[in-house]
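What follows is one structure encoded as structure tokens, with my remarks underneath.
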Amino acid sequence: MFGDHTLTLTLYGAEASGAVAVEAALTLLGLRYQLIEGATWAEEAARDRVATSNPMRQIPTLVLPDGEVMTESAAILIYLADLDPAAGLAPAPNDPKRRQFLRWMLYVSSAVYALHWIKPDVKRIGAPEASRDAVVEAVHERIAFCWATMDAQLSPGDYLLGDELTVLDLYVAVVSRFGPWRERFEEAAPRMAAVVHRVDNDPRLAALWRDRFPED
Ligand SMILES: N[C@@H](CCC(=O)N[C@@H](CS)C(=O)NCC(=O)O)C(=O)O
């Protein structure tokens, strides 16, 4: 895929972050990568470090072997899945399942994951610090609603889109660990929760989940 250059795949990431979904995809694809660790939502130094590659100062940020930078978790996951069609981590462009795959990948990114940017500092949306708890609660309420809405429109098999594990399953397995956390996710999205547990227990990923979500 990247010839002899896989070692020069560099991922800016952090434990318990969305970058772990990218790590999961790289793991399933057997691609090695260099990890630059830093909790961007909590540490200015981590934001400064990633800023040279991603002026949005966010992770995941993936630097490809030729130096090109990719950001945006959904785009990175789709790109990686498409690199190796034989791995089956995404429906092919001409597979009818591709439509719902793209739909839900973008939904998780824009309707759910993007809301987390508000939480580290509610002044980011002009809210006073004193309203922090109420803002975070409203964000969590919205996220629970979005999970429930997605759950109601999917008919999962073993995995969210049927019987094949795709990067959508990895993405949901990771983003559902963020606030309002798994217990609320399971209430809001019981059918997706069953799939997520299957992904949690995938033996190919067990070590990664344990290392990268050590507090769960
Ligand atoms: N749209 C971005 C969002 C990425 C994102 O929010 N990443 C978080 C970590 S999980 C981050 O780096 N936050 C930094 C901050 O809050 O300043 C994506 O999908 O990749």
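Quick notes on this structure:
- Residue under evaluation R98, criteria (1) out of contact with any Lys or Arg (no Cβ under 7 Å at 6 or more places or on another chain); (2) within 16 Å of the ligand (Cβ to nearest atom), criterion not met: (2)
- Selection within the stretch 59-91: residues that are without any contact (Cβ under 8 Å) to a residue 40 or more places away in the chain and within 15 Å of the ligand (Cβ to nearest atom). The member of this set that is most open to solvent (accessible area, probe 1.4 Å) is E72.
- Residues that are among the acidic types (D, E) and in contact (Cβ under 8 Å) with a residue 40 or more places away in the chain were ranked within the stretch 188-215; the one that is most open to solvent (accessible area, probe 1.4 Å) is E215.
- Scanning the stretch 150-187 for residues that are among the aliphatic types (A, V, I, L, M) and open to solvent by 60 Å² or more (accessible area, probe 1.4 Å) returns a single hit, A152.
- So T52, is it open to solvent by 30 Å² or more (accessible area, probe 1.4 Å) and more than 16 Å from the ligand (Cβ to nearest atom): no
- From Y79, Y107, Y33, residue being in contact with a strand residue (DSSP E or B) (Cβ under 9 Å, 6 or more places away or on another chain) and closer than 25 Å to D163 by Cβ: Y79
- Candidates R132, R212, R98, R204: the one that is in contact with a helix residue (DSSP H, G or I) (Cβ under 7 Å, 6 or more places away or on another chain), of a type in the set (K, R) and over 20 Å from V22 (Cβ atoms) is R132.
The values are calculated or read from the model by the stated rules, or taken from the named source; none is laboratory data. It should be emphasised that the depicted structure is a prediction, and the values quoted were computed from it without experimental measurement. Note that we place each Cβ from the backbone using ideal geometry, even for glycine, and neighbour counts take in every protein chain shown. Heavy atoms of the whole protein, side chains included, go into the accessibility calculation; ligands, DNA and RNA do not. Shrake-Rupley method; radii C 1.70, N 1.55, O 1.52, S 1.80 Å.
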